[in-house]
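Here the structure comes first, spelled out in structure tokens, and everything after it is commentary.
The values are calculated or read from the model by the stated rules, or taken from the named source; none is laboratory data. Predicted, not measured: the structure shown is a model, and the values here were computed from it. No Cβ is skipped: glycine too gets one built from the backbone with ideal geometry, and neighbour counts run over all protein chains shown. The area values use the complete protein model at the heavy-atom level, side chains included, leaving out ligands, DNA and RNA. Shrake-Rupley method; radii C 1.70, N 1.55, O 1.52, S 1.80 Å.
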Amino acid sequence: MRNPILCIFAFLLCFSCVEKKVETVVDSNEKKVEQDSLGNFGIVIHGGAGTILKKNMSDSLEAAYKTKLKEAMKTGYEILKNGGSSIDAVEKTINILEDSPLFNSGKGAVFTNEGKNELDASIMDGKTLNAGAVAGVTTVKNPIDLARAVMEKSDHVMFAREGAEVFAKEQGLELVDPSYFYTENRMKALKRAQEREKVELDHDDKTAFYDPFIKDEKFGTVGCVALDKNGNLAAGTSTGGMTNKRWGRVGDSPIIGAGTYANNKTCAVSSTGWGEYFIRGVVAYDISAMMEYGGKSLSEAAVTVIQKKLPELGGSGGIIAMDNKGNVAMEFNTAGMYRATMNSEGELYIGIYGE
Ligand code: ASP
């Protein structure tokens with residue numbers, strides 16, 4: 001092309017074709033917001049990935065999810081806007097989701113094979129690389145609070161089962177009777193899973209094909225990543241694990257590097273999906289390592305890990321992540337993932353389904 005004006009025109013045309021599709025914003029203003037970067041501070045959450053299809057979702061259920069996701073986002077955003085830390089934002093945002101029966105964490109936790117609820121959670125501070133995690137707790141109302149207490153008030157990184165519960169008591173955290181975690185829907189899911197005598201991943205694509213009731217289920221491990229005004233990243237994840245999980249099974253959510261990772265040098269990540277594969281793929285840390293050692297951008301690293309490396313292992317699920325410049329990745333290889341972002345202007349995105 002000899003004509004320089006034509007050349008520039010052609011270049012702009014090409015560029016606009018490869019530009020990433022912007023998701024629809026579903027905040028009350030229905031305002032579209034560029035989501036690739038959230039600015040000098042911001043927050044991202046997920047509420048689980050899996051077979052989440054529009055055709056299986058009632059309007060009222062969709063509205064309930066959006067309302068809760070929005071409430072969670074606003075909680076974290078206010079903390080960040082007022083100069084609070086990313087760790088505070090992550091914890092308080094996750095608390096909102098833990099207290100809702102819609103998500104597979106806290107109140108809405110799924111049942112184990114024995115009909116119990118055993119909860120896992122972890123949190124990580126990207127500035128100090130300090131981290132805390134708990135596995136298999138049965139009486140702690142908000143396991144993410146306990147993970148944070150482990151991080152800040154103990155010399156350790158992870159506590160499990162009775163030891164974790166004793167520590168929770170010592171720390172004065174809110175304890176509940178295990179019956180607090182009982183929900184009808186989760187019990188029905190357990191019964192169906194047991195009838196099939198198959199361990200059912202909370203979001204297993206395959207189950208949707210032969211389980212006509214799956215469309216009525218409410219899924220979702222929860223996670224949050226945030227960047228505060230001081231440039232500090234944090235990540236946290238909280239879950240009930242996997243329906244019908246065997247006694248003592250621990251998934252990726254409380255495993256630092258698999259379910260949760262944060263490092264100011266690179267990014268903050270929270271995972272959701274088939275935990276065994278996320279552990280084997282060290283998914284959250286792998287994304288950070290590809291950035292640190294491989295010079296990849298957050299988006300390149302997230303796509304490689306979730307769309308290539310994880311499926312090659314046989315795993316499914318997704319991640320949310322932010323880098324130290326406020327760039328965002330929300331990558332999943334399932335039909336959908338409950339997800340939301342809020343940028344430094346307070347503009348909200350909510351996504352549920354795939355593109
Ligand atoms: N990753 C969680 C686990 O395997 C489950 C989920 O994300 O829903 O325990």
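Using the 1.4 Å probe convention, the accessible area of the stretch 83-170 works out to 33 Å² per residue with neighbouring protein chains retained. Each Lys and Arg contributes +1 and each Asp and Glu -1, all at the Cβ; summed about the Cα centre of the stretch 40-353, the dipole is approximately 440 debye. Placing a pseudo-label 7 Å from each Cα along the Cα-to-Cβ vector at Glu62 and Gln307 gives an inter-label distance of 2.5 nm. Here the relative contact order of the stretch 40-353, from alpha carbon pairs under 8 Å that lie six or more residues apart, stands at 26 percent.
Give me the distance between the Cα centres of the stretch 260-334 and the stretch 65-85, rounded to whole Å. For the stretch 260-334 versus the stretch 65-85, the Cα centre distance is 23 Å.
Label sites at Glu292 and Trp247, each approximated as a point 7 angstrom past Cα along Cα to Cβ, lie 3.9 nm apart. The trypsin sites (Lys or Arg not before Pro) of the stretch 56-101 include none that DSSP puts in a loop with a beta carbon having at most 12 other beta carbons within 10 Å. Within the stretch 159-192, the GluC sites (Glu not before Pro) that combine a DSSP coil assignment with at most 16 other C-beta atoms in a 10 angstrom radius are Glu174.
Applying both filters, DSSP loop and at most 15 other Cβ atoms within 10 Å, to the trypsin sites (Lys or Arg not before Pro) of the stretch 256-324 gives Lys265.
In the structure displayed, which of Lys68/Lys169; Lys54/Lys92; Lys116/Lys245; Lys127/Lys229; Lys55/Lys245 lie more than 20 Å apart, Cα to Cα? Those over the limit are Lys68/Lys169; Lys54/Lys92; Lys55/Lys245.
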